[in-house]
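One structure is given below, encoded as structure tokens.
The values are calculated or read from the model by the stated rules, or taken from the named source; none is laboratory data. All values reported here derive from a predicted model rather than from experimental measurement. With ideal geometry, Cβ positions are generated from the backbone for all residues, glycine too; neighbour counts draw on all protein chains shown.
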């Protein structure tokens, strides 16, 4: 009889717990099954990886390439000039991302980067080399800016910081793996193949662009 009372009490408690437990709605079920990040976001990350790898893979071999053009005394300007022009291009690319669109900025930077890599084997003078470095550096300020602004459009506010950190991390991976790939390819197959591979990476980065773009309406001046 004592065990029967325990069983009845336990049954009542179990019934109360089940009755008081809220039912899962269809909307909650959809939220649970929704991926944390969309395929479009990961394609954007892949674009960032390849874009940063494309121009960083040239860095280890450019001093020797410039020396072959009789410009060995100007090696120090290879990175500094490139970085300076990339820095200058950031405000312009940000303005274009607002007025023209994120997609156009992402594609233009990647396409120019691709073309510049194809032109390196054709260079014969030091002046042409540094002129190309200026253009190449200017273009590298476009794609990352367009990617960052596009991420802010497609990611909810509560996950935006995490998403920015992810795409920044993947871009850094591209910067790290680029020189290793470039050095290995140049050693095994020659400089021209390295330049062509860099151009190919830029081409793929341009193709991994956003497939759609949300219209941005500016309500306040920033």
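Residue check: residue 70 meets all listed conditions (1) at positive phi; (2) at pLDDT below 90 but one, namely (2). Close contacts from region 70-94, counting a first residue that is closer than 23 Å to residue 107 by Cβ and a second that is not in a helix (DSSP H, G or I), with Cβ to Cβ under 6 Å and a gap of 6+ residues or different chains, come to 86/140; 86/141; 89/141; 90/141; 93/141.
Do we find that residue 35 is at pLDDT below 90 and not in a helix (DSSP H, G or I) in this structure? It would help to see each step written out before you state the result.
Numbers: at pLDDT below 90: yes; not in a helix (DSSP H, G or I): yes.
The answer is yes for residue 35.
Conditions (1) out of contact with any helix residue (DSSP H, G or I) (no Cβ under 6 Å at 6 or more places or on another chain); (2) without any contact (Cβ under 8 Å) to a residue 60 or more places away in the chain; (3) within 14 Å of residue 48 (Cβ to Cβ), marked per residue:
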| residue | (1), (2), (3) |
| --- | --- |
| 117 | no, no, no |
| 121 | no, no, no |
| 126 | yes, no, no |
| 138 | no, yes, no |
| 142 | no, yes, yes |
| 157 | yes, yes, no |
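When residue 22 is tested against (1) farther than 22 Å from residue 205 by Cα; (2) modelled with pLDDT of 50 or more, only condition (2) is not met.
Could you grab me the full set of residues in region 176-193 that are under 21 Å from the mean Cα position of the chain (by Cα) and closer than 16 Å to residue 65 by Cα? Write out each step before concluding.
So the first thing to find is which residues in region 176-193 are under 21 Å from the mean Cα position of the chain (by Cα), and the list is 176-182.
Within region 176-193, 179, 182 meet the criteria.
Is it true that residue 94 is within 20 Å of residue 199 (Cα to Cα), touching a helix residue (DSSP H, G or I) at 6+ places or on another chain (Cβ under 8 Å) and either assigned to a helix (DSSP H, G or I) or at pLDDT 95 or above (or both)? Walk me through how you get there before you give the answer.
On the way: within 20 Å of residue 199 (Cα to Cα): no; touching a helix residue (DSSP H, G or I) at 6+ places or on another chain (Cβ under 8 Å): yes; either assigned to a helix (DSSP H, G or I) or at pLDDT 95 or above (or both): yes.
It is false that residue 94 is within 20 Å of residue 199 (Cα to Cα), touching a helix residue (DSSP H, G or I) at 6+ places or on another chain (Cβ under 8 Å) and either assigned to a helix (DSSP H, G or I) or at pLDDT 95 or above (or both).
Okay, residues lined up against (1) out of contact with any helix residue (DSSP H, G or I) (no Cβ under 6 Å at 6 or more places or on another chain); (2) farther than 24 Å from residue 172 by Cβ:
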site: 43; (1), (2): yes, no
site: 51; (1), (2): no, no
site: 54; (1), (2): no, no
site: 61; (1), (2): no, no
site: 80; (1), (2): yes, no
site: 99; (1), (2): yes, yes
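Where helices (runs of 4 or more DSSP H) fall wholly inside region 99-204, no range has 3 or more residues that are in contact with a strand residue (DSSP E or B) (Cβ under 6 Å, 6 or more places away or on another chain) and buried (at least 20 other Cβ atoms within 10 Å of the Cβ). How many residues does region 85-98 hold that are farther than 14 Å from residue 146 by Cα and crowded, with 23+ Cβ neighbours inside 10 Å? Qualifying residue count, region 85-98: 0.
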